[in-house]
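These notes concern the structure reproduced below.
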Amino acid sequence: METSFNCICGQGYVLSSSRDACVDTDECAIKPEICGKGVCMNTPGSHRCECYPGFRLTPSGVCEDIDECARPEPSCVDGRCNNTLGSFLCHCDEGWALDHSGTVCIDRREELCFSSHQGDECLDPRLEMMTKKECCCTAGAAWGAQQCEMCPLQHTKAS
C-alpha cells in the first residue's frame, strides 16, 4: 500500500524541486543587501548579520552606523567631531593640531607668556614664546600677545 504526504515547510525553508523535502532558503544569496553594512551569514532556517566596524546591529537585524559623535564620552578632545559612515573625523580650530591618535587637538599657538597681570593688562613678559598650556603650567599668570588671557586657576579646566 502506497501512502502519500505533503511537506509543509517552516519559515526559512522551501519545498525541494522533487517536492519531498524542505530545504533551507539562503536569504543571503536571495537578498545580498539584507544586512546593510555587514556580512550576511546563512544559518539553518534563517540568517545572521555580522556588522562591519563602526556599525551596530539594530533590533530589526540590520547593521546601522554608530554615531561616535553622539557618545557621552567625547570622541574628539578639544575639537569638533564629524560623524562619517562607519567612523568619525576630528577637526581642530586654527592653530591647533591633531595628535597621533587623531582624536585629541593640541594647542600649537605660541604667544608671549606674562609673569603677572593687573586687571586686563599683561605685565612682565617672559623672553620665549610658548603655548598657553606651557605658560599657565609653568607659573605664568597670563598669555597672549594680541589679546591678554588670564591663566585659569590651578585644578580648573583651561579654555
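The values are calculated or read from the model by the stated rules, or taken from the named source; none is laboratory data. Note that the structure is predicted; figures quoted are calculated from it, not measured. Please note: Cβ atoms are built from the backbone with ideal geometry, for glycine as well, and neighbour counts cover all protein chains shown.
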Could you tell me how many of the residues in segment 48-81 are in a strand (DSSP E or B), touching a helix residue (DSSP H, G or I) at 6+ places or on another chain (Cβ under 7 Å) and closer than 30 Å to residue 32 by Cβ? 2
How many residues are at pLDDT 95 or above, among the polar types (S, T, N, Q) and farther than 17 Å from residue 51 by Cβ when one looks only at segment 68-100? 1
Residues being touching a strand residue (DSSP E or B) at 6+ places or on another chain (Cβ under 7 Å) and either assigned by TED's automatic domain parsing to the domain that holds residue 35 or of a type in the set (A, V, I, L, M, F, W, C) (or both): count how many of those fall in segment 69-93. 9
Search result, residues across segment 99-144 that are of a type in the set (A, V, I, L, M, F, W, C), closer than 28 Å to residue 76 by Cβ and surrounded by fewer than 18 Cβ atoms within 10 Å (Cβ to Cβ): 104, 106, 129, 137
Hey, could you check segment 82-94 for residues that are in a loop (DSSP other than H, G, I, E, B) and loosely packed, with under 14 Cβ neighbours inside 10 Å and say which is nearest to the chain's Cα centre (by Cα)? 85
